[in-house]
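Contents: one structure, followed by commentary.
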Amino acid sequence: MWNFPLLPEQASAYAAKVDPLFYALAVFVLTFTMGVTTVFIVLGVRYRKRRGVHRKSVHVENMLIELVWSAIPVVIAIAIFAWGAVLYYDHGKAPGDTIDINVIGKQWMWKIQHPNGLREVNELHVPKGRPVKLIMTSQDVIHSFYVPAFRKKQDVLPARYTSLWFEATKVGEYPLFCAEYCGTEHSLMGGTVYVMEPSDYEEWLGGGPALTPAAEGEAIFQKMGCATCHDAGDSSRGPSLNGLYGKDVKLRGGGTIPANDEYLRRSIMEPTADVVVGYTPLMPAFKTQFNEDDILSLLAYIKSLGGGTQE
Amino acid sequence: MSTEHLVEPSADFPVRDYGPPRVHYLNWRHTIASWLLSRDHKRIGIMYLVSISIFFVVGSLFAAIFRLELLTPEGDFLQADTYNKFFTLHGVVMIFFFLIPSIPAVLGNFLIPLMIGAKDVAFPKLNLASWYIFMVGGTIGVAIILLGGLDTGWTFYTPLSSSYANTHVFLAAMLVFITGFSSILTGLNFLVTIHKMRAPGLTWFRLPLFIWAHYATSVIQVLGTPVLAITVFLVGIERIWGVGIFDPALGGDPILFQHMFWFYSHPAVYIMILPGMGVISEVIACFSRNRVFGYEFIAFSSVAIAIIGFLVWGHHMYVSGQSMYANLVFSLLTMLVAVPSAIKIFNWTATLYKGNVIWETPMLYAVGFIGLFGIGGGTGLFLGTTGLDVPLHDTYFVVAHFHYVMVGGMVMAYLAGIHFWWPKITGKMYAQTPAKISAIVVFVGFNFTFFPQFLAGWNGMPRRYHSYNADFQIWNVLSTAGATVLGIGFLMPAFYLGWSLFFGKDAGSNPWGARGLEWEACTSPPIPHNFEEIPVVTQEAYAYTGEETVSV
């Protein structure tokens, strides 16, 4: 009648690494608690007050015992910290050769766009054995992209870009949840991740439209007249975008800022926030004209113009 | 000041058993005004006891209703909005109106002056004002419920709370703001009382550990609560006037909210658990007839928890987008805050060694506390570990973890304390057998309710889900079944404690044969000004000889 899901499915490289830590800690905590409780009860029974037994209570003090059982938890605590920290650190940075997929969270759905422009909603198709990086933002409140089978989760924030990467190791269908409470239909903001053989994934991708996010971005760039000021050469009106991505930008009034996703987004939405040195703030704010999809496309276009890579 | 009176340790304990006094704090005036305008710390403690008991029932009913919803994976019993309101109100009511005031405002109020040999707290009028402020907050809470509720979760994350929710967020911000002052003023009162009003001879290291725990708690209340007040104030003005503080659409930063919120709300966890640890120290010492092993280590571990507890808030934010390096620092500090708790558990256990252990009801609750707090604290290690928190964050694993600490730890300790001091507070002894059964029913029901949630969470069930993946159903069915048992366990004391008020036998001044001024120098119930003469203390807190007798 009911499933008894005791151990969750392992479908990513990270899952295989994090599970031993979980089970080791589970054994440790259960042993510790049951051990202490047992000692407590055994002492309580062994030294229970009985009729006819007159035992003067003794006040025992022992500094050595105190120091030993203060030091041991410190060592154990640091060991647990270190195990988790090494795992976390090793998996913190995505490898260089990821498939980058755009994700937009909104009340209450996940909108996803693949590198070739193919879009899907509440479903994510990925190939097995290839690192995949999700570049995520939210259109409204905070959401959290959570795939239990991959043991990965990352909050998705409005007006910021967070990323989550994974390498799926097993073909199958896995639930996708929103883990950060986001309002009425929070519990319905989920879907399915399909892990496919790489060849199947290529075939699946082939059915999509031809316009990549960068191409969409270029179309917006032309249509909105951005090229008038930001064309390939440095014009007097606006700085060139060639090779900009990931570089440090000198700001009017001193200071520099890395040209990452957040900076570029802000410069489009509120151009007066950080003005590049040597330019006057002529650009109108596009805050009300672009949605998150448009901005992700524009970012893809700017990235396609070269520059370093930026986390 | 009155004449001096020695409390001698003596082999023929009890020194003297005072019978019930003719006039005591409960019967010296009978009018309603004599309660509502009372500046007696004992009466104010009773007023808190009644109010938080009502809030506990309300908060439990919310839980009972959403646990029914969770019997089936589909959202079929409640609407999604209703479900969201119920878990939000459950959290708000239980945290702000039960857990935070429970031990400090009820037992702390009642016992701190008795334990330190004072006639009242330092500022009796302020103490009464704290209760009124608390009740103003409670009234706003009732208004929110009647006007249609609140659906932001008790964490009020922005921009959901400040710009998107359509419920009574502004009122809720007022509620938290106002109720917080009750907590701040109580903490301030206790700090001054403990510093300035100890009886002659009652040095710091002769204090009961209950006092040390409340001292540490009060420091957190006074230093932490104002930050929460500021935070919800800012949410309120963002919501009403659109001032951009937390909502990025207005130029704000939603992560800033999380930092400010958890800067209070993590230490608040220690506001909830430290007084419970104080109760457990008293109960274990009394029922093992021994000085608490490693007294100084337990005392200073409370202070250590209060200090380190202020430096770990970022462990709620590992996946929020916070920097990886910040996460690692918060993780290390989080691991270290577990150490003082471990030290306490070892010392409590060692206290039984070569004692004369008596298994009365409070001791059963205390052993339940050790087991459940062990699991609660231990699972905190899972969540404090960066790499492991990534999958576990915001799942039912977290829900189970903090219920093990808050209910398994704090509520068990609260019940241990209520059962321990009930004869002192009311002058009546309750029936032992049903009380022991209730301790066991609560322990079993609790594990049955919350252990399955660890498994649901590890398998990926997110928290705050109105409907859920059918795979998780078994764990939810078990949990709801357990909650039924737990509810029965919590109801039982209402009956036998209520019964004892009318039919219980007089407890005598010291039915447990306990040490401490509240037992040795005070009648049950205490007289209006606590002591005929201010006692002079010549010995440490736990001068048990092993020959004290229990008369229940």
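The values are calculated or read from the model by the stated rules, or taken from the named source; none is laboratory data. Only a predicted model underlies this, so the values are computations on that prediction, with no experimental measurement involved. Methodologically, a virtual Cβ is constructed for each residue, glycine included, from the backbone with ideal geometry; neighbour enumeration extends over all protein chains shown. For the accessible areas, the whole protein counts, side chains as well, though only heavy atoms, and no ligand, DNA or RNA atoms are used. Shrake-Rupley method; radii C 1.70, N 1.55, O 1.52, S 1.80 Å.
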Give me the net charge of A:Glu123's neighbourhood, meaning all other residues with Cβ under 14 Å from the Cβ of A:Glu123; Lys, Arg count +1, Asp, Glu -1. 0
Within the set A:Thr288, A:Thr37, A:Thr137, GNM on chain A using Cα springs under 10 Å gives the largest fluctuation to A:Thr37
Once you've got the GNM for chain A with C-alpha springs shorter than 10 Å, pick whichever of A:Phe166, A:Phe286, A:Phe28 has the biggest mean-square fluctuation. A:Phe28
Can you pull the three principal axis extents for the Cα set of the protein assembly as shown, in Å, largest first? 98, 53, 50
Which of the helices in chain A meet the span-like rule: DSSP H, Cα axial reach of 20 Å or more, Kyte-Doolittle mean at least -1.0? A:13-46, A:63-90
Within straight cross-link reach of A:Lys223, meaning Cα distance under 29 Å, which lysines are found once same-chain residues fewer than 8 apart are removed? A:Lys106, A:Lys111, A:Lys247, A:Lys250, A:Lys287, A:Lys303
Hits for chain B under the membrane-span-like helix rule (DSSP H, Cα axial span at least 30 Å, Kyte-Doolittle mean at least -1.0) are B:41-69, B:124-147, B:169-196, B:209-241, B:254-288, B:324-351, B:361-384, B:432-458, B:473-503
Net +/- balance of residues flanking B:Pro124 in space, Cβ distance below 14 Å, scoring K and R +1, D and E -1: +4
Per DSSP helix of 4 or more residues, -39500 (n - 2.57); summed, then divided by the residues of chain A. What does that give at 222 nm, rounded to the nearest 500? -11500 deg cm²/dmol
Percent carbon-and-sulfur accessible area, region A:1-71, ignoring ligands, DNA and RNA, probe 1.4 Å: 70
Rg and Dmax of region B:26-536 over Cα atoms: what are they, in angstrom? 22.2, 67
Inside 10 Å of the C-beta atoms of B:246-257, what's the mean count of C-beta atoms belonging to other chains? 3
Checking a compactness column here: for region A:213-304, what do you get for Rg(Cα) / (2.2 N^0.38 Å), N being the number of residues? 1.00
If eta is 0.890 mPa s and T is 25 °C, what Stokes-Einstein diffusion coefficient results for region B:246-365, Kirkwood Rh from Cα pairs, in µm²/s? 149
Specify the longest stretch of chain B that does not include any exposed loop site, a site being one of the GluC sites (Glu not before Pro) with a non-H, G, I, E, B DSSP assignment and at most 14 other Cβ atoms within 10 Å. B:75-532
